[in-house]
Amino acid sequence: AAVGFGWAWEKDRSKDDLKARIAKAEQGPLVIDVSSYPKPLQETYKRFAVKCARCHKISRPINFEYALPGEWESCVNRMKGKFFSGINEATAGEIYEFLVYDSSARKKALIEEKLATLAEPERKAAQARIAEIRRKYGQE
């Protein structure tokens, strides 16, 4: 897995900037139309919505600027460690795959923009992980 690749985008940003980006994400849509997603991911979306809404607005992860597998892996691992999240290891894996798949469906331009900033090994690893998850669910 592509651990930590997304943190390159975070390391130079101030806490105020992060708070502003979170606030912007929270003002976005509260739902994703997953009707065209594979059935298992439609079910995972329901768990994702319940688990994530325990601690913050569901619009935050839906609209935040994360798009790459490493960003989602870091995010889900942080949330898994929060007591009230109710996210265990199995659920974390499902949510991670949902978020990577969803980003590949809804955030294609952002993925391409971020991939362009990565060194070739990291870019290839992220692309391979996205492709692996899409194949798992019968896409591409």
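The values are calculated or read from the model by the stated rules, or taken from the named source; none is laboratory data. All of these numbers come straight from a predicted model, not from anything done at the bench. For the accessible areas, the whole protein counts, side chains as well, though only heavy atoms, and no ligand, DNA or RNA atoms are used. Shrake-Rupley method; radii C 1.70, N 1.55, O 1.52, S 1.80 Å.
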* Solvent-accessible area per residue, Å², over the range 33-140 with all protein chains present [probe radius 1.4 Å] -> 50 Å²
* Structure fact -> Scaled by the rule-of-thumb 2.2 N^0.38 Å, the alpha carbon Rg for the range 27-86 gives a ratio of 1.12
* Asked: In the range 44-131, what percent of the accessible surface is made up of carbon and sulfur (1.4 Å probe, ligands and nucleic acids excluded)?
  -> 57 percent
* Enter the accessible area of ASP17 (Å², nearest 10), with the probe set to 1.4 Å and all protein chains included. => 60 Å²
* Asked: Which length gain, in nm to one decimal place, applies between LYS19 and GLU132 when the Cα-Cα distance is subtracted from 0.36 nm times their residue separation?
  -> 37.4 nm
* To do: Could you pull out every residue, at least 5 positions away or on a different chain, whose amide H is within less than 5 Å of the one on PHE64? Hs are placed 1.01 Å off N in the peptide plane, and Pro or chain starts have none.
  => none
* **For the range 90-105, Karplus couplings with θ = phi - 60° (6.51, -1.76, 1.60), whole Hz, Gly/Pro x** => 5, 5, 4, x, 5, 5, 4, 4, 4, 5, 5, 4, 4, 4, 5, 8
* **Rounded to whole Hz, the Karplus (6.51, -1.76, 1.60) HN-Hα couplings of the range 112-119, x for glycine and proline** => 4, 4, 6, 4, 5, 8, 8, 5
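Does the range 50-128 classify as rounded, prolate or oblate by the C-alpha gyration tensor (a ≥ b ≥ c root eigenvalues; a/c under 1.5 gives rounded; else a/b over b/c gives prolate, otherwise oblate)?
Here the range 50-128 falls in the prolate category.
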* To do: Provide the per-residue ³J(HN,Hα) series for the range 28-40, in order, calculated from phi with Karplus coefficients 6.51, -1.76, 1.60 and θ = phi - 60°, each as a whole number of Hz, with x at glycine and proline positions.
  => x, x, 9, 9, 10, 7, 9, 4, 9, 7, x, 3, x
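Could you work out the relative contact order of the chain? I mean the mean sequence separation of Cα pairs under 8 Å and 6+ apart, divided by the number of residues, in percent.
On the way: 139 pairs, mean separation 42.6, N = 140.
Contact order relative to length: 30 percent.
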* Structure fact -> Fraction of alpha-carbon pairs in the chain farther than 17 Å apart, rounded to whole percent, equals 60 percent
